[in-house]
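Structure, as structure tokens:
The values are calculated or read from the model by the stated rules, or taken from the named source; none is laboratory data. Predicted, not measured: the structure shown is a model, and the values here were computed from it. All Cβ positions, glycine included, derive from the backbone under ideal geometry; neighbour counts span all protein chains shown. Side chains included, ligands, DNA and RNA excluded: accessible areas come from the protein's heavy atoms. Shrake-Rupley method; radii C 1.70, N 1.55, O 1.52, S 1.80 Å.
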Amino acid sequence: MDHLSSESVIFDSYGFSGQVGMIWQVVKAPLIVPVLKLLVMICLVMSIMLFIERVYMGVVIAFVKLFGRKPNKRYKWEAIKDDIELGNSAYPMVLVQIPMYNEKEVYQLSIGAACGLSWPSDRIIIQVLDDSTDPAIKSLVEMECQRWANKGINIKYEIRDNRNGYKAGALKEGMKHSYVKQCDYVAIFDADFQPEPDFLWRTIPFLLHNPHIALVQARWKFVNSDECLMTRMQEMSLDYHFTVEQEVGSSTYAFFGFNGTAGVWRISALNEAGGWKDRTTVEDMDLAVRASLKGWKFVYIADLKVKNELPSTFKAYRYQQHRWSCGPANLFKKMAMEIIRNKKVSMWKKFYVIYSFFFVRKIVAHIVTFLFYCVVLPATVLVPEVEVPKWGYVYIPSTITLLNAVGTPRSLHLLIFWVLFENVMSMHRTKATFIGLLEAGRVNEWVVTEKLGDALKIKSTTKASRKPRLRIGERMHMQELGVGAYLFFCGCYDFAFGKNSYFIYLFLQSMAFFISGIGYVGTFVPTS
């Protein structure tokens, strides 16, 4: 069956009028084909950029693992020793900040872990920055702080009368208190993070003995990665970030971003960089870039892990990914020229930050994943005049996928699920990226990621006998369903008339979008 007759059949079978078929034939050659060819070319260029970036990272990390030295060998690191004459004043004063907002499920864990840090009690201040709007939760947090204060812990419970600037605003306000002036360093932990008691003993010496270091960043350890398939997928993505991206940036003295938590800052460096700013939803990355442009260095400690929680509901994960994708794109737009004009850092660092860190990882990676694999490649099924070379849709994506998977060897058997789920999430990331670049409506939207703590276990035990009542409207996501329908249509067309066997991928990918579209992803928390 030739292509013209196959198109007639498909139009007729789907009830299209002959006129629509004729319009398609008229506009296809002069308009659709050239546009699609251009999009294919753009996607292939972006794929090559991402491929080169991943291979570069892979080569560097292999070299680091084989021949690299640990951070405490590359920098001066000596354990802090007691001084009989100076006493505890030999230890620097440390501020520990815990920003939180209606964190009913995890506030006790984070405050308890911070108060359990091993450090001379008169040389540490725990600062709980509570932006909660629920009076009951505020009361619980305040009582918890008072409980630790009664045990002799130097803990401060700080609130403000607004939420201006969200987390950045809370951290900035926290630095204004008079007692902070006596502190040399500030450790920051989000409300679901639980540092081990020796955290300060392992991080502070880097800052104490290396005056050019501004930040010591620890790795995240996920306590609920086995909770559901979605948390396993997140673990795979974030493990690559911590195992490869952060390690490469630190080992090559180039640049890596502050993760917003589980890190210690030199307060003088933080102030010199301009302090906390709320101009984007990634205040941590903003601060890191500004400090780097001032010439400060960062250290990443891969074997220092801080326990935390992954979002286990699809709604929470979507909000988080919107913020993590929109914020960097918006920051890139605002800082690109400032980075280029900077005279304190080398051309290599400027290139690394602008091209590698921002452009390829934060913009190209999101856009090419969705545009190529979920829009353009399926469209070539309907327009066979446009061909995609095999290296573009098989070899390059396969290599990129395998390089991404090295961070979590235990999940290699889930690689196909990870690819399909990442493609679904790329739709939200791409949309958020353009919102950030164009500074559109939701550019400054900040929704605190929901944490469940032990709530899920408690609810699942107490409500085991009852079936949760679902509201279909709350779990239906029309964007995912729409893309799923498009992919399914292209798969059917390819199955009937195509020659490239794309339908195998298209059907699998459409299933992933449909499953996400009906909300059958992540953990479902029963309502009371």
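List of remarks:
- Ile126, sole failed condition from (1) open to solvent by less than 20 Å² (accessible area, probe 1.4 Å); (2) more than 21 Å from Gly274 (Cβ to Cβ); (3) within 25 Å of the chain's Cα centre (by Cα): (3)
- Scanning region 348-366 for residues that are open to solvent by 20 Å² or more (accessible area, probe 1.4 Å) and over 20 Å from Thr252 (Cα atoms) yields a single hit, His366.
- Counted as qualifying within region 165-284 are the helices (runs of 4 or more DSSP H) with 3 or more residues that are at pLDDT 95 or above, more than 17 Å from the chain's Cα centre (by Cα) and not hydroxyl-bearing (Ser, Thr, Tyr), namely 166-174, 199-209, 267-272.
- When region 268-283 is filtered for residues that are surrounded by fewer than 21 Cβ atoms within 10 Å (Cβ to Cβ) and not small (Gly, Ala, Ser), the ones remaining, listed by number, are Asn271, Glu272, Trp276, Lys277, Asp278, Arg279.
- Filtered residues of region 434-488 (kept if open to solvent by 60 Å² or more (accessible area, probe 1.4 Å), small (Gly, Ala, Ser), more than 24 Å from the chain's Cα centre (by Cα) and modelled with pLDDT of 50 or more): Gly473
- A Cβ distance below 6 Å, combined with a sequence gap of six or more or placement on separate chains, defines the contacts here; from region 501-517, residues that are more than 9 Å from Glu480 (Cα to Cα) reach residues that are surrounded by fewer than 18 Cβ atoms within 10 Å (Cβ to Cβ) and of a type in the set (A, V, I, L, M, F, W, C) in the pairs Phe503/Phe495.
- In region 154-207, the residue that is nearest to Arg279 (Cα to Cα) out of those that are among the basic types (Lys, Arg) and open to solvent by 70 Å² or more (accessible area, probe 1.4 Å) is Lys172.
- Restricting region 287-346 to residues that are more than 20 Å from the chain's Cα centre (by Cα) and among the hydrophobic types (A, V, I, L, M, F, W, C), the residue that is nearest to Phe189 (Cα to Cα): Ala291
- Region 90-109 residues that are closer than 14 Å to Thr133 by Cβ, paired with ones that are crowded, with 24+ Cβ neighbours inside 10 Å and modelled with pLDDT under 90 (beta carbon under 7 Å, 6 or more apart): Glu103/Lys451
- Test: residue in region 109-118 that is outside any helix (DSSP H, G or I) and either at pLDDT below 95 or surrounded by fewer than 13 Cβ atoms within 10 Å (Cβ to Cβ) (or both): yes
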